[in-house]
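The structure appears below as structure tokens.
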Amino acid sequence: MKMHVLSGGRLRMKKSVYLPEADRAELVELPVSCYLLRHPQGNVLFDTGCHPSTAHDAEGRWGAMARAMAPISGPQDNVVDQLATIGFTPDDIDVVVNSHFHSDHCGCNAFFKKATVICHARELEAARRDDAEKFGFLAVDWKQPMPMETIDGERDLFNDGRVVLVPVPGHTAGMTSALVSLDKAGAFLLASDAVAMRDNLERDINPRNTWDAEQSSKSMAEIRRIQAGGATVLFGHDDAQWQTLKKGAAFYD
């Protein structure tokens, strides 16, 4: 199995959202990560990043949310164009796993018309609430006509231990990570926004946009346990880590 790290966009936000001691005027640039998992039984895309239109008209897509979470992506800085650089089209993807339904993680779902979308049942429930938009769930991004499967607990996608979905609630009600096991590179936990930055994990800091701080801390404790077992944690929006990763055509196997 191979794992490709792909850009799903880039954002600018207030640093104090993630690290409370930061000056409220200080801004930070955040990578948006997506992952292509090339398994012998199918191609899995973990998260789909920001919709391409946000690179030139974020407010048209996201409304007022674009002022708090401002895209600064280039025109090819989206997962569809990133897949094309390694010879893949959206129709080559069999499964899309959404860690959660915030728009920077499911913005390109609509392109993957032949895929089955997998998410946590509680995430789908939260996204369907009448007041979902004020919690960052925009139907234009997550609500698509493709088949959707939900999980309630851990799910071994191919029943071989290579891609195991692990619920880590807290950032949202149905936040889900993926524990990926590779032959040469070892284990990686795709933590998404369960751990946005390394400091959040190492200092047990819950970002201001956390849905349930108690559950988030419990999930981070579980992530530290997985990390202690030898897995490399890939954070949701840590630019320092992003700069060190193989990306695009380069891969982990």
In nm, what is the difference between 0.36 nm times the number of residues separating Ala25 and Glu149 and their Cα-Cα distance?
40.5 nm
So, in nm, how far is label Ala240 from label Glu125 when the simple model puts each one 7 Å beyond its Cα toward the Cβ?
3.8
DSSP beta bridges in the chain: the antiparallel percent, rounded to 5, is 70
What is the extension gain from Ala250 to Asp92, computed as 0.36 nm multiplied by their sequence separation minus the C-alpha to C-alpha distance, in nm to one decimal?
55.0 nm
Rg/Rh over Cα atoms for the stretch 1-121, Kirkwood Rh, comes to 1.01
Could you pull the Cα extents of the stretch 63-176 along its three principal axes, largest to smallest, in whole Å?
43, 35, 23
Top mean-square fluctuation among Arg12, Arg162, Arg208, Gaussian network model of the chain, C-alpha springs under 10 Å?
Arg208
Projected-area mean, the chain, by convex hull of Cα positions, square nanometres
12.3
If each of Glu214 and Lys113 carries a label point 7 Å out from its Cα toward its Cβ, how far apart are those two points in nm?
4.6
Grab the beta carbon distance between Lys184 and Asp81, set R0 = 22 Å, and tell me the FRET efficiency rounded to 0.05.
0.20
Percent of all alpha-carbon pairs of the stretch 133-172 at distances over 16 Å, whole number, is 58
May I have the convex hull volume per residue, in Å³, for the Cα set of the stretch 56-108?
91
Distance violations [Cα-Cα > 30 Å] among Lys134/Lys247; Lys114/Lys246; Lys15/Lys113; Lys113/Lys218
Lys134/Lys247; Lys15/Lys113; Lys113/Lys218
For the stretch 83-202, what is the accessible area per residue in Å², given a 1.4 Å probe and the full set of protein chains?
41
GNM on the chain, C-alpha springs below 10 Å: top fluctuator among His100, His51, His39?
His39
Residue of Val80, Val17, Val163 that the Gaussian network model of the chain assigns the largest fluctuation, springs spanning Cα pairs under 10 Å
Val17
Can you compute the charge dipole magnitude of the stretch 132-253 about its Cα centre, using +1 on each Lys and Arg Cβ and -1 on each Asp and Glu Cβ, nothing else charged? Give it in debye, rounded to the nearest 20.
220
Compute the separation of the alpha-carbon centres of the stretch 197-253 and the stretch 45-97 and state it in Å as a whole number.
21
Probe radius 1.4 Å, ligands and nucleic acids ignored: give me the carbon and sulfur share of the accessible area of the chain as a rounded percent.
47
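Using helices alone, what [θ] at 222 nm do you get for the chain, with -39,500 (n - 2.57) per DSSP H run of 4 or more residues, divided over all residues and rounded to the nearest 500?
-6000 deg cm²/dmol
The values are calculated or read from the model by the stated rules, or taken from the named source; none is laboratory data. It should be emphasised that the depicted structure is a prediction, and the values quoted were computed from it without experimental measurement. Cβ sites come from the backbone with ideal geometry, for glycine too, and all protein chains shown count toward neighbours. These area figures cover heavy atoms from the full protein model, side chains too; ligands, DNA and RNA do not enter into them. Shrake-Rupley method; radii C 1.70, N 1.55, O 1.52, S 1.80 Å.
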